[in-house]
């Protein structure tokens, strides 16, 4: 648009980007991971092969959808314990 | 122009890292998981059977019985992962299928005859069958650890095929075949989709954020780092990209978030075939506190504007739908303006904007990607004065389509920065804000009072409980007293007479 009469830039006001800090418990819910766990439990309980396979597939999905590895690894290690 | 991906920090050395440098962490985990689960699958039945066989072998030393058992044991011993799918078959197979077992890939030929020999000798000597089990499992584990992540899945497919040649039922493999092939497609799609998303984001950045582009002319600092050659885009996950710019009059910063379709995820890709969605980009402009007047304004397509008015808190409190004024050019028919007052709406929809984007004719051509805009000094969250623009991204070859939409962002920053409400309108807006502030204050007070009352109630409860305890003790004492009194009453029946 034509209304920029002079240079609007203001280097003095530049502030570097600060990434918002998100606590691990505020992360969006990992639905696919949740589904994977449910299928895994069912597969183990009823010895039903398809359930275990679905669990693997959803596990792969949740791995593919990891947002930032550090936070998620934190969560996973917590879950392991 | 580089993408700094937060996910590539963790690098695990796998042999595939040469081919696929980024996602090896994912691959590694994925392979481990699949191997682990398959191991579990085949260990469970295998672990169950030798247990009972061990009991039997001790009791009856019958050779005729021992022979088939030994075969059964061999087949139920956990094979290497690569041969995973053969076990479920073997339980149903005839007892003389040994040659077919030997036909299977050479990797597991060695352990089996060995275990067979061991077993036969042991059978006659009466040594418990634990040794061969540990050996075969060790061999299986070794084979598993040696096998690479992806080759293992490929091997299993090959084995499936080789198994299919053997005259066994193929139907019992359908689940495995389907799942493994789905996983392979999933893995391929993961890499292609990731690349696609990155290309789209890079196309946007090269169009609008390189030298002499619109953002370079408006902001002195581009990118997420502090120096000039820092990466422009910040990748978050596989489908979210962020672009940050700062150093401009009236605003402290601009954050553009590209939320692309999750092309890397096959399941959501399939889901999106049913429920289509768009690649979206959201510009959040954080205005300086002193350079934004009390303005609440939003515009979107009709349906969306109505839901925004109902759902967004500031619009719900301060703004209402604005009907197009008479005798003035107005936005295209599809659009609906939500604003605090008519004055704000008419001032913010200037002739230039109508000409460029929002007018009837221009909107058909250039407004396709427009989703919504929301300018407000009462946004929820940490920074209250914020302008939010939401656009749909075109494909990477037609990035120029959204040039005019992107140009709206700096235009509105200037417009809002210079805009001053008339005194009449300002008094109205101030009254409204004061009212809302009062309501908020009241709510806060209510909440505080509620909290206080709850505390009091709790204290009272505690006291009552203590009293109840006390009173219970008192009751007991009273009862004891009563009893003793009754005893006393009962006692005097035996009257004592005093000897005079």
| said: Against the condition free of Cβ contacts under 8 Å to residues at least 60 places away in the same chain and assigned by TED's automatic domain parsing to the domain that holds residue B:416, how does residue B:244 come out, does it pass? | reply: yes
| task | Inspect all residues belonging to region B:392-401 and state whether any of them is at pLDDT 85 or above, away from every other protein chain (no Cβ under 14 Å) and within 28 Å of residue B:436 (Cβ to Cβ). | result | no
| note | When residue B:279 is run through (1) buried (at least 19 other Cβ atoms within 10 Å of the Cβ); (2) more than 8 Å from chain A (Cβ to nearest Cβ); (3) without any contact (Cβ under 8 Å) to a residue 24 or more places away in the chain, the failure sits at (3)
| request: Name every residue in region B:251-264 that is more than 8 Å from chain A (Cβ to nearest Cβ) and closer than 16 Å to residue B:414 by Cα, in order of residue number. | output: B:251, B:254
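How many of the residues making up region B:297-334 are within 33 Å of the chain's Cα centre (by Cα) and either more than 18 Å from residue B:387 (Cβ to Cβ) or outside any loop (DSSP other than H, G, I, E, B) (or both)?
The number of residues fulfilling the criteria is 20.
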| request: Give region B:278-298 a look and list any residue that's in contact with a helix residue (DSSP H, G or I) (Cβ under 7 Å, 6 or more places away or on another chain) and either at pLDDT below 90 or within 12 Å of residue B:375 (Cα to Cα) (or both), or say none. | output: B:283, B:285, B:287, B:291, B:292, B:294, B:295, B:296, B:297, B:298
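To keep it simple, each residue is scored yes or no on (1) in a helix (DSSP H, G or I); (2) outside the structural domain of residue B:341 (by TED's automatic domain parsing); (3) under 30 Å from residue B:205 (Cβ atoms).
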{"site": "B:411", "(1), (2), (3)": "yes, no, yes"}
{"site": "B:417", "(1), (2), (3)": "yes, no, yes"}
{"site": "B:431", "(1), (2), (3)": "yes, yes, no"}
{"site": "B:444", "(1), (2), (3)": "yes, yes, no"}
{"site": "B:461", "(1), (2), (3)": "yes, yes, no"}
{"site": "B:464", "(1), (2), (3)": "yes, yes, no"}
{"site": "B:469", "(1), (2), (3)": "yes, yes, no"}
{"site": "B:474", "(1), (2), (3)": "yes, yes, no"}
{"site": "B:499", "(1), (2), (3)": "no, yes, no"}
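Of everything in region A:1-49, what is at pLDDT 85 or above and surrounded by fewer than 17 Cβ atoms within 10 Å (Cβ to Cβ)? Give them in sequence order. It would help to see each step written out before you state the result.
Our first condition is that a residue be at pLDDT 85 or above; within region A:1-49, this holds for A:34-46.
Within region A:1-49, A:34, A:37, A:38, A:41, A:42, A:44, A:45, A:46 qualify.
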| query | If you scan region B:328-352, which residues turn out to be within 20 Å of residue B:422 (Cβ to Cβ) and surrounded by fewer than 20 Cβ atoms within 10 Å (Cβ to Cβ)? | reply | B:328, B:342, B:343, B:346, B:347, B:348, B:350, B:351
| request: Check off (1) within 11 Å of chain A (Cβ to nearest Cβ); (2) over 21 Å from residue B:387 (Cα atoms); (3) assigned to a loop (DSSP other than H, G, I, E, B) for residue B:191 and give me the number that stays unchecked. | output: (3)
| message | Given the condition at pLDDT 80 or above, more than 8 Å from chain B (Cβ to nearest Cβ) and over 30 Å from residue B:416 (Cα atoms), answer yes or no: does some residue in region A:67-81 qualify? | response | no
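Can you confirm whether residue B:444 is surrounded by 10 or more Cβ atoms within 10 Å (Cβ to Cβ), within 40 Å of the chain's Cα centre (by Cα) and closer than 26 Å to residue B:286 by Cα? Don't jump to the end; show me each part of the working.
Values: surrounded by 10 or more Cβ atoms within 10 Å (Cβ to Cβ): yes; within 40 Å of the chain's Cα centre (by Cα): yes; closer than 26 Å to residue B:286 by Cα: no.
When the stated conditions are applied, residue B:444 does not pass them.
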| Checklist (1) touching a strand residue (DSSP E or B) at 6+ places or on another chain (Cβ under 9 Å); (2) under 27 Å from residue B:416 (Cβ atoms); (3) more than 8 Å from chain A (Cβ to nearest Cβ) applied to residue B:294, failing item | (1)
| task | Please find, within region B:216-241, the residue that is surrounded by the most Cβ atoms within 10 Å (Cβ to Cβ) out of those that are facing another protein chain (nearest Cβ under 8 Å) and under 24 Å from the mean Cα position of the chain (by Cα). | result | B:238
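Which of the residues spanning region B:354-365 are crowded, with 19+ Cβ neighbours inside 10 Å and within 14 Å of chain A (Cβ to nearest Cβ)? Before you say what the answer is, go through the steps one by one.
Of the residues in region B:354-365, the ones crowded, with 19+ Cβ neighbours inside 10 Å are B:354, B:356-359, B:363.
Selection gives B:354, B:356, B:357, B:358, B:359.
Look at residue B:270 and say whether it is within 14 Å of chain A (Cβ to nearest Cβ) and at pLDDT 90 or above. I'd like the intermediate steps shown before the answer.
Values: within 14 Å of chain A (Cβ to nearest Cβ): yes; at pLDDT 90 or above: yes.
Judged against the criteria, residue B:270 is a match.
The values are calculated or read from the model by the stated rules, or taken from the named source; none is laboratory data. Keep in mind that this is a model prediction, so the values were computed, not measured. So basically every Cβ, Gly included, is an ideal-geometry build from the backbone, and we count neighbours across all protein chains shown.
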